[in-house]
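What follows is a short report on a single structure.
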Amino acid sequence: MSSTTSPTPRKRALFAAATVALALATTASCSSSGSTGSAGGGAAGKKIAMITGVKSDPFYITMTCAAQAEAKAKGITFTADGSAQWDVSVQRPLIDSVGASHPDGLMISPVDTEALTPSLKQIQSSGTKIALVDTSVTDSSVGITRISSDNEKGGQVAADALAKQMGEKGSVIVISVKPGISTTDARIKGFTEEMAKYPGIKVLPTLYDNDLPATAASQIQSTLAAHPDLGGVFAGNTNTGQGVATGLAQAGKQGVVKVAAFDAEPDEITALKNGTLQVLVAQDPAAIGTEAVDQLAASFAGKPVQASLGTTMVAITKDNLNDPQVAKYVYKAAC
Ligand code: T6T
């Protein structure tokens, strides 16, 4: 599959995996000309706070570890926190309390595209620079930069890979977190639009598990009962991938029902190795974290900031997992 080149030289990761090639980072226009690179002075001594989607999620742990290291290298004070679960009512108090501390910069993965915008606008109006990392909000006035994977492209990659695994026939179901999340909504859009190109594959209505693996496990089992011809599953993120793997194992359908899942946290890697999952679309959360610190540092130093940045993804299969250039995309459960 071809990949788009970005105007600004960026990390290029092109891997022909067993089933799919890789989407490449795309960089939208800068808010002014030229790449920022890492800002020089002006950032040391500043304070950045980070609020992730779910604190225990290896995707966000990997992002936080990288951001922490980049902030340290620039002499920036860094603090990180995150929701205990994917819920607006849990994340909003975190945002408000961090806002009250008036950090110079806030890196945040909002758990909803609309509900948290008033809190974020209030923080921004008090002078805190906001970097939206991974997820974003609909209101384009929020944030000086938005950094994420090309999630719609990732959904397309998953659809092509899964269709191939299924022999382009049978029923497929999408299980994701909940509606109103910019990233997983984009993945579902990319997946379903791409899957429409395969007339032999019927896409069942999407199910949502609230980011709970146990829910995904039971949903996949009830889907199997209702659709014995189920041939494939697209799992929209880590916890869903974990839950689908558990549910298929419990139903004795490992390897029979093919699975393409987003992300590459340790449990998903285990399921890939034992044949319960077939394709993982891994993101580069470390690059998201590093770039966000760099863009905030550039802003602190009065240098140009890139309004949006795309980071790379790689399609991991059992066949390419041991390639060091692929294995480096596996997420961490601790720094
Ligand atoms: O897939 C990632 C992230 O990109 C998404 O926004 C939410 O779920 C994850 O954190 C994985 O659990």
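3J(HN,Hα) couplings calculated from phi for segment 181-188 with the Karplus curve 6.51 cos²θ - 1.76 cosθ + 1.60 (θ = phi - 60°) are, in sequence order, 10, 4, 6, 6, 4, 5, 5, 5 Hz; Gly and Pro show x.
Considering only alpha-carbon pairs that sit under 8 angstrom and 6 or more positions apart, the relative contact order computed for the chain is 26 percent. Can you give me the C-alpha center-to-center distance between segment 229-262 and segment 266-331, rounded to a whole angstrom? Each part reduced to its Cα centre gives a spacing of 22 Å. In this structure, the amide hydrogen of Thr311, modeled 1.01 Å from its nitrogen in the peptide plane, lies closer than 5 angstrom to those of Thr26, Ser148, Ser149, Asp150, counting only residues at least 5 positions away or on a different chain.
The lysines within cross-link reach of Lys121, meaning a Cα-to-Cα straight distance under 30 Å and a gap of 8 or more places when in the same chain, are Lys46, Lys47, Lys55, Lys72, Lys74, Lys129, Lys153, Lys178, Lys189, Lys303. Taking a ≥ b ≥ c as the square roots of the eigenvalues of the alpha-carbon gyration tensor, segment 151-282 is classed rounded because a/c is under 1.5. Per-residue Karplus couplings for segment 68-75, computed as 6.51 cos²θ - 1.76 cosθ + 1.60 with θ equal to phi - 60°, are listed in order as 4, 5, 5, 5, 4, 5, 9, x Hz, Gly and Pro entered as x. Taking the DSSP beta bridges with both ends in the chain, the antiparallel portion is around 10 percent. Centre-to-centre, using Cα atoms only, segment 68-105 and segment 149-168 are separated by 33 Å.
Each reported figure results from applying straightforward, stated rules to the coordinates on display, with no laboratory input. Worth saying up front: this structure is predicted, and the values here are computed from it rather than measured.
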